[in-house]
Amino acid sequence: MQETNDLVKQRLLALEEIKNMGINPYPHRFDVTANSAEILSTFKDPADEAEAEAQKLKIISVAGRIMAIRKMGKASFFQIKDDTGKIQIYIRQNDVGEELYKLFKLLDIGDIIGVNGFVFRTKMGEVSVHATAIELLTKTLQPLPVVKEETSETGEKIIHDAFADVELRYRQRYIDLIVNDHVKETFLNRTKIIQSIKRTLEKYNFLEVETPTLQSIYGGANARPFITHHNALDIPLYLRISNELYLKRLVVGGFNRVYELVKDFRNEGIDRTHNPEFSQIEWYQAYGDYNDSMNLFEEVVENACLSIHETTKLNYQRTEIDFKRPWKRLKMVDAISGKIGIDVVNMKKADIIKYMKDNDIDLDPKITHSKGLVISALFEAVCEEDLTQPTFIYDHPIDSTPLCKPLREYTMQQLEEMKRDPEAVIFVERFEPYINNWELGNSYTELNDPVLQRSLLEAQVERGRGGEEETHPLDEDFLRAIEVGMPPTTGVGLGVDRLVMLLTNSATIRDVLFFPLMRPQ
């Protein structure tokens, strides 16, 4: 810490000296005409002396942060980094003048500088910019970690003094982005993935829309909300846990294909794949069902993979995954029977619970009232670990969601009989896509029967009163919208952060969030 303070003091002294020279260390702008990538890719060695002289007259302007510096006598080298890469600068007192060279001597690693000059190749063969003038754009006070790279005899890149402390990297992401190029690449790829998702949806005429983040009634998912307060109206408000119910209102209003990329907020724990604030994209398609959504989901993800890899195969943490369509499709009950050989549909609920207890499978006692929830819990405990390659798990128990249509094979009479039978499980047209043993999204053939919708939401409210966590309150306005009439519709929610993790080989969700939530220091 003392060493850092001393370095800051040295920079403050340099800053004062620069000001005493009459130089503004924080000017308003600088005209940039070229970047490092363009210079390195377009430079051609002159064919003769005349062409070399002509090149010296082609003055360009570059700007960036000093990442390395070798101060010598009256000629020096330094390296700047812009948003496209790095370029070496050669500076000589005879070219820039005594005052600007004195300024250069007061610069440090991390300072941001503008350079005017011409492009040439050094005797060592490196394409560089020969400075004819420099301008200090930002004098920095905090020293950067000095990360040194070298190449071994076998061609392997060796990094010394890396900025590698994980917690510090998350807290000071701005430094992480400056000194760790692979981190910046991850976030550039995140943008490409999101752009690809949007392109695929818009190809099928989906319209991007916006819905409220602050909601007076939260819903659309089973999760605990963050609660805030609106002073002027003197009412509690919730940060949205999902945008589903508002997007369905738009379908009711005549927007047949809509999507929204949002930040959702769920008051839950933090782990390798969960952050309380996360990105999700949801889309809704009128006149479609969950089969249409399966087809579109796998196309969206395959295209996203191709957008940054140009192949559907990649290695995630040493496991090869192939995103190529079509993906495997498996009913939830078939996944269970295939793994452990039991027929949960025809078993008594008590026998399923006994099986789980006998095999040391954890079961939340708060859900044992529901055979469907017990089946879902059993699936998660025994089957998810096998779902490494992209797989759709479809036809879930109705108890898992009140917003989904029962299977189309049920007659109205069968549904009424099953409702009265505590051992009968109604299954709904819902799927969850799994990749790398993670749930990556959720989709339904949406329920648009207003009478059944009301009864299911009211039943969920009652379960919440009975102690079941993560239910949501009754939204009368949403029910009114369904009563106005929603066409047959399918909807999808896709977890953007987890998809980015997979496609960028990132070990934790914090690696793909610019500023993940951290406990205050």
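The values are calculated or read from the model by the stated rules, or taken from the named source; none is laboratory data. Remember, it's a predicted structure, so these values are computed and weren't measured experimentally. Every residue, glycine as well, gets a Cβ built from its backbone with ideal geometry; the counts of neighbours run over all protein chains shown. Accessible surface areas use protein heavy atoms only, side chains included; no ligands, DNA or RNA. Shrake-Rupley method; radii C 1.70, N 1.55, O 1.52, S 1.80 Å.
Annotations for the structure displayed:
- The requirement of being surrounded by fewer than 22 Cβ atoms within 10 Å (Cβ to Cβ), among the polar types (S, T, N, Q) and under 14 Å from GLY495 (Cβ atoms) is satisfied by ASN275.
- From CYS404, CYS383, residue being under 23 Å from GLN280 (Cα atoms), under 30 Å from the mean Cα position of the chain (by Cα), open to solvent by less than 10 Å² (accessible area, probe 1.4 Å) and not aliphatic (A, V, I, L, M): CYS404
- For PRO46: the one exception among (1) farther than 30 Å from LEU106 by Cβ; (2) loosely packed, with under 14 Cβ neighbours inside 10 Å: (2)
- Check on ARG92, open to solvent by 30 Å² or more (accessible area, probe 1.4 Å), touching a strand residue (DSSP E or B) at 6+ places or on another chain (Cβ under 7 Å), at pLDDT 95 or above and within 30 Å of GLU53 (Cβ to Cβ): yes
- Across the range 253-272, the qualifying residues are those that are over 15 Å from the mean Cα position of the chain (by Cα) and crowded, with 20+ Cβ neighbours inside 10 Å, and the one among them that is farthest from TYR444 (Cα to Cα) is ARG266.
- If only residues of the range 329-371 that are in a helix (DSSP H, G or I) and modelled with pLDDT under 95 are counted, the one that is least open to solvent (accessible area, probe 1.4 Å) is ILE367.
- Near pairs, Cβ below 8 angstrom, 6+ apart or cross-chain, from the range 304-324 (within 19 Å of LEU188 (Cβ to Cβ)) to any residue that is assigned to a strand (DSSP E or B) and open to solvent by less than 70 Å² (accessible area, probe 1.4 Å): CYS305/LEU314; LEU314/ILE321
- Breaking point among (1) open to solvent by 70 Å² or more (accessible area, probe 1.4 Å); (2) under 21 Å from the mean Cα position of the chain (by Cα), for TYR316: (1)
- Check on ASN222, of a type in the set (S, T, N, Q) and at pLDDT below 95: yes
- Within the range 161-182, the set of residues being crowded, with 18+ Cβ neighbours inside 10 Å and either in a strand (DSSP E or B) or of a type in the set (A, V, I, L, M, F, W, C) (or both) comprises PHE163, ILE178, VAL179.
- Scanning the range 184-203 turns up at least one residue that is out of contact with any Lys or Arg (no Cβ under 8 Å at 6 or more places or on another chain), modelled with pLDDT of 95 or more and among the aromatic types (Phe, Trp, Tyr).
- Subset of the range 312-328 [among the hydroxyl-bearing types (Ser, Thr, Tyr) and either under 17 Å from ILE193 (Cβ atoms) or in contact with a strand residue (DSSP E or B) (Cβ under 8 Å, 6 or more places away or on another chain) (or both)]: THR312, TYR316
- Among the residues of the range 194-202, some residue qualifies, meaning at least one is surrounded by 13 or more Cβ atoms within 10 Å (Cβ to Cβ), under 18 Å from the mean Cα position of the chain (by Cα) and of a type in the set (D, E, K, R).
- Consider the range 53-69 and keep the residues that are more than 45 Å from the chain's Cα centre (by Cα) and either without any contact (Cβ under 8 Å) to a residue 24 or more places away in the chain or under 16 Å from ILE113 (Cβ atoms) (or both). The one that is most open to solvent (accessible area, probe 1.4 Å) is GLU53.
- Pairs with Cβ under 7 Å, 6+ apart, first in the range 502-515 and without any contact (Cβ under 8 Å) to a residue 60 or more places away in the chain, second surrounded by fewer than 21 Cβ atoms within 10 Å (Cβ to Cβ): none
- Check on ILE59, in contact with a Pro (Cβ under 8 Å, 6 or more places away or on another chain) and at pLDDT 95 or above: no
- The range 110-130, subset within 22 Å of ILE23 (Cα to Cα) and open to solvent by 40 Å² or more (accessible area, probe 1.4 Å), residue nearest to the chain's Cα centre (by Cα): ILE112
- Taking first residues from the range 412-438 that are under 11 Å from THR391 (Cβ atoms) and among the aliphatic types (A, V, I, L, M) and partners that are at pLDDT below 95 and open to solvent by 70 Å² or more (accessible area, probe 1.4 Å), no Cβ contact under 7 Å between residues at least 6 apart in sequence or on separate chains turns up.
- Just so you know, in the range 472-521 the residues that are of a type in the set (Val, Ile, Thr) and within 19 Å of ALA286 (Cβ to Cβ) include one that is farthest from the chain's Cα centre (by Cα), and it is VAL484.
- Those helices (runs of 4 or more DSSP H) lying entirely in the range 415-521 with at least 2 residues at pLDDT 95 or above: 476-485, 496-503
- Among the residues listed as ILE241, ILE281, the single one being closer than 29 Å to PHE515 by Cβ, open to solvent by less than 10 Å² (accessible area, probe 1.4 Å) and in a strand (DSSP E or B): ILE281
- Residue match in the range 333-346 (condition: among the hydrophobic types (A, V, I, L, M, F, W, C), within 26 Å of LEU502 (Cα to Cα) and without any contact (Cβ under 8 Å) to a residue 40 or more places away in the chain): no
- In the set (1) surrounded by fewer than 16 Cβ atoms within 10 Å (Cβ to Cβ); (2) free of Cβ contacts under 8 Å to residues at least 24 places away in the same chain; (3) closer than 15 Å to GLY110 by Cβ, the condition left unmet by GLU16 is number (3).
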